[in-house]
Amino acid sequence: MSEEKINLAPFGIAGMVAVFVFAITVVIAICSDPTWVFGENTFGDIEYSNSDSRLVAAVGFVISAALMLITGTGIALKSKGAGFWCGVFIVLGMICTVANVFKILDMGSPEQIALHIIINVFLLAAVIAGAVADYQKGRTINTAVAAFTIGVSLILLGASTIETADVVGRIMFVVWLAFECVTIALIPEKVYKDEAESC
Amino acid sequence: MANMPGKMKIGMGLGLVGGILGIATSAIAWESTIDSMTAVGLNLLVAVMFFASAGFFQKNAPVAGTTGAVLAGIATASAFVCLVMGIMGTGLAIVEIIIGILLILIAACPTVKRYVDGVRSVE
């Protein structure tokens with residue numbers, strides 16, 4: 001048996017930059033749009049408002065989604081099993097996010113709830129797959145953070161409005177992704193290979 | 001068999017305190033109306049999850065080490081939802097969240113995981 005280390009650090013760093021861009025975008029866009037109210041509006045509402053925040057939100061969300069797409073692709077290509085599916089669902093979620101931004105910019109239509117639900121389902125699936133992968137690898141803190149994220153999203157979906165669940169669920173996904181990216185950037189994953197298999 | 005780590009006793013105590021606080025807040029949330037059932041139910045969920053986390057820290061641990069952290073994570077999540085929805089008082093919700101984070105850290109502690117997995121392999 002030989003030990004091989006998988007280096008996911010560049011993808012982890014891309015993910016951390018994405019989280020930073022996302023956080024800055026959300027703060028700037030919400031602060032510059034006084035009509036946006038927590039609990040009554042979704043993230044998509046920032047993008048089709050008529051204020052200055054519209055362009056900031058569109059550019060920021062596209063940049064952060066592109067960086068998260070890179071992270072998801074890296075995780076999918078270098079992992080197996082649940083880790084692979086985690087990366088695939090991140091990629092699908094981010095493709096839908098970018099599509100959503102361009103659709104809103106192009107059409108200016110507020111009727112985007114179906115695409116929002118699809119995005120949130122993909123992101124939730126990514127967190128669930130990530131939780132399974134972390135559980136199998138014995139990463140206890142990461143598994144607990146994933147359980148926290150899934151718990152908050154599902155309980156809010158049942159007990160609150162879809163707007164609150166959308167906003168809080170999206171922020172929870174970003175918090176989970178930040179934890180994952182810090183872990184994969186700092187701790188290289190070890191894979192044990194059979195000598196015969198490697199030959 | 002190895003002695004039970006002292007951290008597990010602290011974890012059990014914190015879990016019980018979290019559960020008792022959850023029961024108390026669910027009693028406070030009851031306003032003799034059907035509308036108050038959401039608040040009562042969510043507070044009961046907090047209590048149940050904290051009691052489940054306390055149960056993980058008993059001498060013959062019923063679940064694997066990582067599962068204990070998952071239980072504590074869901075307990076923290078339910079307390080966080082109560083904070084976001086304004087169901088629980090802000091101060092109490094923050095205390096519950098801090099207890100939940102401490103439970104996650106205790107469950108993730110290597111000595112606790114080693115003890116729990118050791119006990120389960122003996123059984």
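Odds and ends about this structure:
- For B:Thr90, the accessible surface of its heavy atoms amounts to roughly 90 Å² (probe 1.4 Å, protein chains only, rounded to the nearest 10).
- Listed cross-link partners A:Lys80/B:Lys113; A:Lys78/A:Lys103; A:Lys137/B:Lys9; B:Lys7/B:Lys113; B:Lys7/B:Lys59; B:Lys9/B:Lys113 are compared with a 22 Å cut-off, the Cα-Cα value being larger for A:Lys80/B:Lys113; A:Lys78/A:Lys103; A:Lys137/B:Lys9.
- Residues along region A:132-150 losing 30 Å² or more of accessible surface when the other protein chains are present rather than the chain by itself (probe 1.4 Å): A:Tyr135, A:Thr140, A:Ile141, A:Ala144, A:Ala147, A:Phe148
- Surface/4 of the Cα convex hull for region B:6-122, nm²: 6.6 nm²
- With one equal scatterer per alpha carbon and no solvent term, the Debye-computed log10 I(q)/I(0) for region A:2-198 at 0.17 1/Å reads -1.09.
- Among the trypsin sites (Lys or Arg not before Pro) in region A:51-101, those located in a DSSP loop and surrounded by at most 11 other Cβ atoms within 10 Å of their own Cβ are A:Lys80.
- The residues of chain B present an accessible area of 46 Å² per residue when probed at 1.4 Å with all protein chains retained.
- For the chain pair A and B, buried accessible area totals roughly 1500 Å², probe 1.4 Å, rounded to the nearest 100.
- Rounded to the nearest 20 debye, the dipole magnitude of the protein assembly as shown is 1080 debye, with +1 charges on Lys and Arg beta carbons, -1 on Asp and Glu beta carbons, and the Cα centre as origin.
- Computed about the Cα centre, the dipole magnitude for chain B is approximately 560 debye when only Lys and Arg (+1) and Asp and Glu (-1) carry charge, each at its Cβ.
- Surface exposure of region A:75-181, expressed per residue as accessible area with a 1.4 Å probe, stands at 41 Å².
- Accessible area (Å², 1.4 Å probe, nearest 10) - B:Met37: 90 Å²
- Neighbour cut-off at most 13 other Cβ (10 Å), DSSP loop, trypsin sites (Lys or Arg not before Pro), region B:37-123: B:Lys59
- For the protein assembly as shown, the carbon plus sulfur part of the accessible surface works out to 70%, probe radius 1.4 Å.
- Per residue, the average separation of C-alpha pairs within less than 8 Å and at least 6 apart gives region A:2-198 a relative contact order of 32 percent.
- Within 10 Å of the Cβ of each residue in B:67-80, the mean number of Cβ atoms contributed by other protein chains is 6.
- Long hydrophobic helices in chain B: the complete DSSP H runs spanning 15 Å or more by Cα along their own axis with mean Kyte-Doolittle hydropathy of at least 1.0 are B:6-29, B:37-56, B:65-85, B:90-108.
- Taking all protein chains together, B:Leu105, A:Leu156, B:Leu14 sort by accessible area into B:Leu105, B:Leu14, A:Leu156, largest first [probe 1.4 Å].
The values are calculated or read from the model by the stated rules, or taken from the named source; none is laboratory data. Computed from a prediction, not measured in an experiment: that's the story for all the values here. Quick reminder, even Gly has a Cβ in these numbers, built from the backbone with ideal geometry, and neighbours come from all protein chains shown. Calculation scope for accessible area: heavy atoms of the full protein, side chains included, ligands and nucleic acids excluded. Shrake-Rupley method; radii C 1.70, N 1.55, O 1.52, S 1.80 Å.
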